Amino acid sequence: MLAEDAKDSKLFREVGELLSTLSLSLVEATDSVHQGAHHMRVVVYKKDGEVNTDDLATVYNLIYPRYSVIFADRDMELEVSSPGLQRSFKDTIEFSIFSGKLVRVYSVSASAYIVGKIASADESSVTLAEAEVENSGEKREMMTLPFSDIAKAKLEYRWEA
């Protein structure tokens, strides 16, 4: 099952506010302490294009100085990346972030994968446009799935046109 805690995370809110000035969306922000070092991972997305190395460098240069001061008692390691072509969703908030993208979800009630474009998402469900149930070949113009019915989800990328 997908988590629903990103919007409640203080780190997610803080980093998201910093990135809003750059026309980037925050997909994931995590931190942990391992072997005396503070590890922070940030995944960013650009709605109107692809995330490039300049975007990643800008995000790094914006976040690193701030959090190296906040976590001054430990060494700081920061990883900034794009979501990639086939990102596995970790939180339900990602359905809103990737609105308009092709996604592949596993529906528990249908016991099958469903592929479609994210038309909309709210706090409890996602609506897929041009949805197709993979094992039966059933196609629907629109299909709404509650998050409680989704076991896993990921971005779907069609390698052939």
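The values are calculated or read from the model by the stated rules, or taken from the named source; none is laboratory data. Note that the structure is predicted; figures quoted are calculated from it, not measured. Note that each Cβ is placed from the backbone with ideal geometry, even for glycine, and that neighbours are counted across all protein chains shown. Surface areas here come from the heavy atoms of the whole protein model, side chains and all, with no ligands, DNA or RNA. Shrake-Rupley method; radii C 1.70, N 1.55, O 1.52, S 1.80 Å.
From the largest down, the stretch 93-138 spans 28, 18, 11 angstrom on the principal axes of its Cα atoms. Sorted largest first, the spans of the alpha carbon positions of the chain along the three principal axes are 55, 30, 25 Å. Projecting the Cα positions of MET1, LEU19, MET40 onto the charge dipole of the stretch 1-102 (unit charges on Cβ atoms of Lys, Arg, Asp and Glu, taken about the Cα centre) puts MET1 furthest along the positive direction. Within straight-line reach of LYS7, meaning a Cα separation under 27 Å, sit the following lysines at least 8 residues removed in sequence or on another chain: LYS46, LYS47, LYS90, LYS101, LYS117, LYS152, LYS154. The angle separating the long axis of helix 53-70 from the principal Cα axis of greatest extent in the chain is about 50 degrees.
Averaged per residue, the chain has 57 square angstrom of accessible surface, using a 1.4 angstrom probe with ligands and nucleic acids left out.
Charged side chains reduced to their Cβ positions (Lys and Arg at +1, Asp and Glu at -1) give the stretch 80-161 a dipole of some 260 debye around its Cα centre.
Relative to the dominant Cα principal axis of the chain, helix 10-20 is inclined by about 90°. The alpha carbon radius of gyration of the stretch 72-161, expressed as a multiple of 2.2 N^0.38 Å, is 1.25. Only helical runs count toward this figure. For the chain, summing -39,500 (n - 2.57) over DSSP H runs of n ≥ 4 and dividing by all residues gives -6000 deg cm²/dmol at 222 nm.
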